[in-house]
Amino acid sequence: MAYELYYWDGIQGRGEFVRLALEEAGASYIDVTREPGRGTGEMMEIMKSGSGSDIPFAPPFLKDGDLIISHVANILFYLGAKLDLAPKHDTARYVLNGLQLTITDFVAEVHDTHHPIATSLYYEDQKEEAKARSGEFIKERIPKFFGYFERVIANNPKGPAHISGDKLTYVDLSLFQVLKGLRYAFPKAMKGSAETYPLLQALHDRVEQRPNIAAYLKSARRLAFNVNGIFRHYPELDKAA
Ligand SMILES: N[C@@H](CCC(=O)N[C@@H](CS)C(=O)NCC(=O)O)C(=O)O
């Protein structure tokens, strides 16, 4: 049975981290809100009137038969084992999950660059705060997170081709997406990042060239970045690091 991915239509958003794993593995899946005859109403219905403790607070969530799994890192923890995008050993799987949860934190901070005060307010209503937040994000947080991931890749005892172990994992795919997203959102701030983080850049390039990922990126299923997603380009928030 095909996996069912539930996420807001029209954006890559957090759903994209899950899509990349499904696409890399060539898994059969339905992107429910984009599916003719289905749509966002079905997603809202599950969030409103689910009957168990598996009611998701927010998308993305994944349905596999009767099982509903929410949160990107949790979904990838589940799919990693099924799609062979994670090591088999528990210890290594928990380490990988820790890395993915660090990406979750990073992505939340990316979101806060354009919505530092409230998710429920328009960007235009928090623009001044967004400028201040983005300035700090560019100065302090991008170097701290990317410096960390660069260090972890360098420390991988199996070599720097992947962030963990000797095979591609879902964390490699997510790092690719974060780099792409930040380059769209903050082109000036990210200038020179390929040289500053060479291992991360090489990992990004390898992911981009994987046949299933390359085919996906060219397909209509890969939506362009836009100013409704997590990674948003507002020129006034972007400045050289
Ligand atoms: N920790 C969750 C965050 C989920 C989340 O914030 N989803 C957003 C869309 S990207 C949402 O719809 N949030 C609604 C809300 O927070 O009220 C994850 O990593 O999946």
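Yes or no: Tyr7 within 16 Å of the ligand (Cβ to nearest atom), closer than 24 Å to Gly229 by Cβ, of a type outside the set (A, V, I, L, M) and in contact with a Gly (Cβ under 6 Å, 6 or more places away or on another chain)? In short, yes. Of the residues contained in the range 71-78, none is found to be over 30 Å from Phe186 (Cβ atoms) and touching a helix residue (DSSP H, G or I) at 6+ places or on another chain (Cβ under 9 Å). For the range 94-116, the count of residues that are more than 16 Å from the ligand (Cβ to nearest atom), in the same structural domain as Val178 (by TED's automatic domain parsing) and either within 18 Å of Arg232 (Cβ to Cβ) or of a type outside the set (Phe, Trp, Tyr) (or both) is nonzero.
Any residue that is within 16 Å of the ligand (Cβ to nearest atom) and aliphatic (A, V, I, L, M) - is there at least one of those in the range 121-138? So far as the range 121-138 goes, yes, one or more of its residues are within 16 Å of the ligand (Cβ to nearest atom) and aliphatic (A, V, I, L, M).
Remark: pairs (first residue in the range 102-116, more than 14 Å from Gln177 (Cα to Cα) and in contact (Cβ under 8 Å) with a residue 60 or more places away in the chain; second residue within 9 Å of the ligand (Cβ to nearest atom) and β-branched (Val, Ile, Thr); Cβ separation under 7 Å; 6+ apart in sequence or on different chains) = His111/Ile230. Here is the figure for the range 52-64: residues that are touching a helix residue (DSSP H, G or I) at 6+ places or on another chain (Cβ under 9 Å) and part of a loop (DSSP other than H, G, I, E, B) total 6.
For the range 65-75, check the following and say yes or no: at least one residue is in the same structural domain as Ala185 (by TED's automatic domain parsing), aliphatic (A, V, I, L, M) and not in a loop (DSSP other than H, G, I, E, B). No, that holds for no residue.
In the range 219-235, what count of residues is obtained for those that are under 18 Å from the mean Cα position of the chain (by Cα) and surrounded by fewer than 18 Cβ atoms within 10 Å (Cβ to Cβ)?
Of the range 219-235, the ones under 18 Å from the mean Cα position of the chain (by Cα) are 221-233.
This time we only want the ones that are surrounded by fewer than 18 Cβ atoms within 10 Å (Cβ to Cβ), so: 221-224, 226-228, 233.
Selection size over the range 219-235: 8.
If I ask for residues that are surrounded by fewer than 17 Cβ atoms within 10 Å (Cβ to Cβ), without any contact (Cβ under 8 Å) to a residue 24 or more places away in the chain and charged (D, E, K, R), which ones from the range 142-186 would you list? Passing the criteria: Lys144, Arg151, Lys158, Asp166.
Annotation: Thr91 fulfils all but one of (1) within 16 Å of the ligand (Cβ to nearest atom); (2) among the polar types (S, T, N, Q); (3) more than 20 Å from Gly229 (Cα to Cα); the unmet one is (1). Collect the residues in the range 47-67 that are under 14 Å from Glu4 (Cα atoms) and either small (Gly, Ala, Ser) or crowded, with 19+ Cβ neighbours inside 10 Å (or both), keeping them in residue-number order. If the condition is that a residue be under 14 Å from Glu4 (Cα atoms) and either small (Gly, Ala, Ser) or crowded, with 19+ Cβ neighbours inside 10 Å (or both), then Pro59, Pro60, Phe61, Leu62, Lys63, Gly65 are the ones that fit.
Note on the range 15-71: among residues that are touching a residue at least 40 places away in the same chain (Cβ under 8 Å), small (Gly, Ala, Ser) and within 16 Å of the ligand (Cβ to nearest atom), the one that is nearest to Gly181 (Cα to Cα) is Gly15.
What helices (runs of 4 or more DSSP H) lie completely within the range 188-241 and have 2 or more residues being away from the ligand (no atom under 16 Å from the Cβ), under 18 Å from Phe145 (Cβ atoms) and in the same structural domain as Glu150 (by TED's automatic domain parsing)?
Details: elements: 193-196, 198-209, 211-218.
Those helices (runs of 4 or more DSSP H) span 193-196, 198-209.
Do the conditions hold for Ile30, that is, is it surrounded by fewer than 22 Cβ atoms within 10 Å (Cβ to Cβ), closer than 24 Å to Ile103 by Cβ, of a type in the set (Val, Ile, Thr) and not assigned by TED's automatic domain parsing to the domain that holds Val110? It is false that Ile30 is surrounded by fewer than 22 Cβ atoms within 10 Å (Cβ to Cβ), closer than 24 Å to Ile103 by Cβ, of a type in the set (Val, Ile, Thr) and not assigned by TED's automatic domain parsing to the domain that holds Val110.
The values are calculated or read from the model by the stated rules, or taken from the named source; none is laboratory data. Everything numeric in this text was worked out from a predicted model, so none of it was measured. Reconstructed Cβ throughout: ideal geometry from the backbone, glycine too, with neighbour counts over all protein chains shown.
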